[in-house]
Ligand code: DAK
């Protein structure tokens with residue numbers, strides 16, 4: 001692993017751990033870092049041996065937002081032509097579950113990146129916020145929408161209008177964070193959860209992620225259609241036969257991912 005890489009990937013068993021590696025700039029999400037991150041996520045998504053991704057920024061910070069220094073001279077047309085929205089959307093397109101392990105600041109684009117993940121674990125000293133208002137803009141990678149859906153309109157409005165941060169504990173109380181852990185056990189907990197999910201039938205995991213995501217992104221009627229479609233599709237897998245047979249035969253299922 002070279003120190004110059006902005007994103008590091010480590011694979012162990014069925015789990016890929018992707019680490020943002022720009023600590024001196026608090027993992028500010030520069031265009032170069034985002035390119036490496038998207039490549040790492042897409043590589044893990046395409047690798048059949050990987051079932052779950054963990055995304056972290058290391059023990060001290062998750063990400064302090066998009067790189068303000070890289071953004072200051074931008075223009076609407078530059079941003080549009082650079083396709084940055086489409087780029088960020090590629091993280092969200094990952095079919096496998098992503099667990100965010102947040103060790104410190106998750107601010108602005110960093111908070112939005114965590115919210116593109118499927119489960120958020122945080123260390124006791126982590127802090128979350130959308131401080132864009134303090135630099136004359138607003139969240140641009142889903143913050144106004146995802147935060148509002150995650151914690152409700154009144155709390156989201158206050159956070160976005162004041163730009164203030166909330167602690168990991170408050171974020172957990174609001175429903176943004178699944179579990180808060182001591183700093184030293186954050187990665188262990190992320191791994192334990194990733195392994196649990198990786199032991200479940202992978203096609204069912206994908207279909208479940210897909211259906212749950214629709215709940216936040218579409219109408220109830222459409223979401224129910226997607227759920228039904230995904231449920232039916234799983235009857236084309238060996239793991240469905242094995243799971244149901246094992247239940248009837250009172251034994252542990254052996255899932256193959258087929
Ligand atoms: N960008 C660039 N550099 C950053 C940075 C950032 N967001 N955050 C920190 N750094 C750099 C600092 O400049 C400093 O670098 P040097 O001066 O040493 O070269 C180094 O990291 C350490 O930072 P501090 O000295 O400030 O450290 P402190 O512990 O004193 O303070 C802090 C930590 C996190 C409170 C502070 O650094 C801070 O307030 N950072 C900025 C937080 C922020 O405003 N974030 C929101 C940025 S706007 C979109 C996609 C994404 C976005 C928008 C659209 N599309 C797809 C359309 C996202 C926008 C944003 O995130």
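Can you pull out the residues in segment 38-52 that are touching a residue at least 60 places away in the same chain (Cβ under 8 Å) and surrounded by 14 or more Cβ atoms within 10 Å (Cβ to Cβ)?
51, 52
Would you confirm, using the coordinates I've provided, whether residue 117 is within 27 Å of residue 160 (Cβ to Cβ), in contact with a strand residue (DSSP E or B) (Cβ under 8 Å, 6 or more places away or on another chain), surrounded by fewer than 22 Cβ atoms within 10 Å (Cβ to Cβ) and touching a residue at least 12 places away in the same chain (Cβ under 8 Å)?
So residue 117 passes the test.
Restricting to strands (runs of 3 or more DSSP E) lying wholly in segment 28-134: which have 2 or more residues that are within 12 Å of the ligand (Cβ to nearest atom) and closer than 18 Å to residue 159 by Cα?
105-107, 127-129
Tally time: how many residues in segment 160-172 are surrounded by 14 or more Cβ atoms within 10 Å (Cβ to Cβ) and under 20 Å from residue 123 (Cα atoms)?
Qualifying residue count for the region: 8.
Taking segment 207-258 on its own, how many of its residues are more than 30 Å from residue 144 (Cβ to Cβ), in contact (Cβ under 8 Å) with a residue 60 or more places away in the chain and assigned to a helix (DSSP H, G or I)?
Qualifying residue count, segment 207-258: 0.
How many residues, within segment 145-170, are within 16 Å of the ligand (Cβ to nearest atom) and either closer than 19 Å to residue 64 by Cβ or not in a helix (DSSP H, G or I) (or both)?
11
Name the residues in segment 182-206 that are surrounded by fewer than 20 Cβ atoms within 10 Å (Cβ to Cβ) and outside any helix (DSSP H, G or I), would you?
Scanning segment 182-206 gives 182, 199, 200.
Look at residue 16 and say whether it is touching a helix residue (DSSP H, G or I) at 6+ places or on another chain (Cβ under 8 Å) and away from the ligand (no atom under 16 Å from the Cβ).
Yes, satisfied.
Read-outs: derived from the displayed coordinates by stated rules, not from any lab. Fair warning: this is a prediction, and the values are worked out from it, not measured in the lab. Quick reminder, even Gly has a Cβ in these numbers, built from the backbone with ideal geometry, and neighbours come from all protein chains shown.
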